[in-house]
Amino acid sequence: MSITIIFKLLGSLALLMFGMKSMSDALQKMAGPQLRHVLGAMTTNRFTGMLTGMLVTASVQSSTATTVMTVSFVNAGLLTLAQAISVIMGANIGTTLTAWIMSAGMSFDITSAVYPAFLLGIILIYQKRYRFIGDFLFGLSFLLLGLGTLRMTGTEMNLGENEALLSFFSSFDPTSFSTTLVFLLLGGVMTFCVQSSAAVMAITMILCSSGALPIYQGIALVMGENIGTTVTSNLAALSANTQARRAALSHMFFNFFGVVWILFVFRPFIDAVCGMVGYDVNMTKEAVGVEAFMANAAKLSFVLAAFHTCFNVANTFILIWFIPQIERLVCWAIKPKRVDEEEDFRLHFITAGFMRTPELSVLEAQKEITSFSERMQRMFGMVQELLNLSSSEASKQKDNENTYNKLFSRIEKYEGISDNMEIEIARYLENVSDAHLSDETKGKIRAMLREVSELESIGDSCFNMARTINRKFAAKQDHFNESHYQHIHQMMGLVDNALTQMNQLMGGRKDAFNVNRSFNTEIEINNYRDQLKSQNINDINNHLYTYGVGTIYMDLINECEKLADYVVNVVEARTGVKQRGK
């Protein structure tokens, strides 16, 4: 085998993998928001969930993308784990369309047809409105070109006449169960190593259609690919949260169970699929001649695609009735981590290595920012509690100082968490922005970077208030009077209301949010701050309290007003609406 042929083989596999990824990315950009809406709305029961997973995966040509979207909805509470399992089952059926595309590419010489597609694709790419269709055409053309080149390279290599290859495969007893297991393991290892079941499927099709690899061993390789691709997703999900790992495990269980039961009916099932396609299993080269044998072998790529589809459809039909049991099994196998999530810095939705597509990465980052926003409101609630503990009446209670110190330390830890969340989310978004994105998605990323910056500033304001309260608590003699507490609580109530409105926006649909409510609350806070500022000067002049107490009091009031400004900035970034007069 010459170096040129080896490079053509590897290069055509690289073209195939790149084309597959480009085509999937383009399809997701064209229909990303709509697909997410469909996935969230059409999973009312296990059957609609399965159909949804099948249709979405067939549309975007990526079961990984469908699985990631599904897991994100489970984390957001939009889908139950049981519904997610049904969607993943459907995704396994939808992804078989890829095998049919590849079998068509292996059976016909379509390389000459890809060049007009390349020309049309480049024209569309330079037209802003249709550039994603151009990206899709380029991806599909690269995929078909890779398949066509792979097919021609296989023909040049004369794999069906290669004595070394034929003797290697003939050394395995085709009727032995151990041979099936060896090829099953080989398919899993190959898929795990190259990180692409499509590439291994293409190699299997080349070997089978050239007559070098018997159909039974070829299908064992395909079954191994089903296991190998789930090992990859489970390893990727190791750093993810509990629900993501459970969804990945359910995917592995689905495929592993399918492989186990198919082994019991291995030959009858394959013979039935071969009969559907019109392939003669018993035909030998010696009996009918080379030409008739190769014509029969050319059908093997369709046999592999048909087996892949029949296997996943049959497996889904068996397991769809046992989704509650599968859910209990994966929940038993993967227990939630026993840590207090509020005291532990951990991103819930963004997980290293689990996201594969930029458009979906933005969805995960949005959910992480929503979680960040909710955390900041909880931090502000702690500040209110700290103020109550610092009062002269509360300080007289037994063990108050210990409770106070623990709460202050918790607020301090939250401030560190907010800094880390800002850095990690911003770094993640910067990495996503390096990819080829739609203008709409680029605009979202710019807005999200502003959101995380302003949310971190809210955390800083909360910590500044906690330090101001601590200064008063440490001084012992500088206590607020009744009116001070009343005014501060009223101001904090307005701020908490602003934070609640912000979180309603972050967790819901922005077109259903009344942005004027947030702007009016901020104006009310500003006016109240100005009123308290004037009153404070008069009260100090009238010697109602010391200048030191008045300074601490106004520091808290001013910090509340600053925090409200940051809240409005987050609202503006999310809605794209600016407050008048700013």
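The values are calculated or read from the model by the stated rules, or taken from the named source; none is laboratory data. What you are looking at is a predicted structure, and each value in this text was computed from that prediction instead of being measured. Neighbour counts are summed over all protein chains in view; Cβ atoms, including those assigned to glycine, are modelled from backbone coordinates with ideal geometry. These area figures cover heavy atoms from the full protein model, side chains too; ligands, DNA and RNA do not enter into them. Shrake-Rupley method; radii C 1.70, N 1.55, O 1.52, S 1.80 Å.
At a glance:
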{"quantity": "Highest average packing first - 220-230, 268-278, Cβ atoms within 10 Å", "calculated": "220-230, 268-278"}
{"quantity": "Span from the the range 496-517 Cα centroid across to the the range 411-486 one, whole angstrom", "calculated": "18 Å"}
{"quantity": "Glu401 accessible area, 1.4 Å probe, all protein chains in place, Å² to nearest 10", "calculated": "100 Å²"}
{"quantity": "Distance between modelled label sites at Arg450 and Gln127, nm, 7 Å Cα→Cβ extension", "calculated": "3.3 nm"}
{"quantity": "Accessible area in the full protein assembly, largest first, 1.4 Å probe, for Trp332, Trp100, Trp321", "calculated": "Trp332, Trp321, Trp100"}
{"quantity": "Packing-based order for 375-386, 561-572, using average beta carbon neighbours within 10 Å, highest first", "calculated": "561-572, 375-386"}
{"quantity": "Above-threshold pairs, the threshold being 21 Å between Cα atoms, out of Lys367/Lys510; Lys21/Lys510; Lys367/Lys444", "calculated": "Lys21/Lys510"}
{"quantity": "Trypsin sites (Lys or Arg not before Pro) restricted to the range 112-155 and DSSP loop, no more than 11 other C-beta within 10 Å", "calculated": "none"}
{"quantity": "Two-decimal ratio, the range 407-525, of alpha-carbon radius of gyration to 2.2 N^0.38 Å", "calculated": "1.35"}
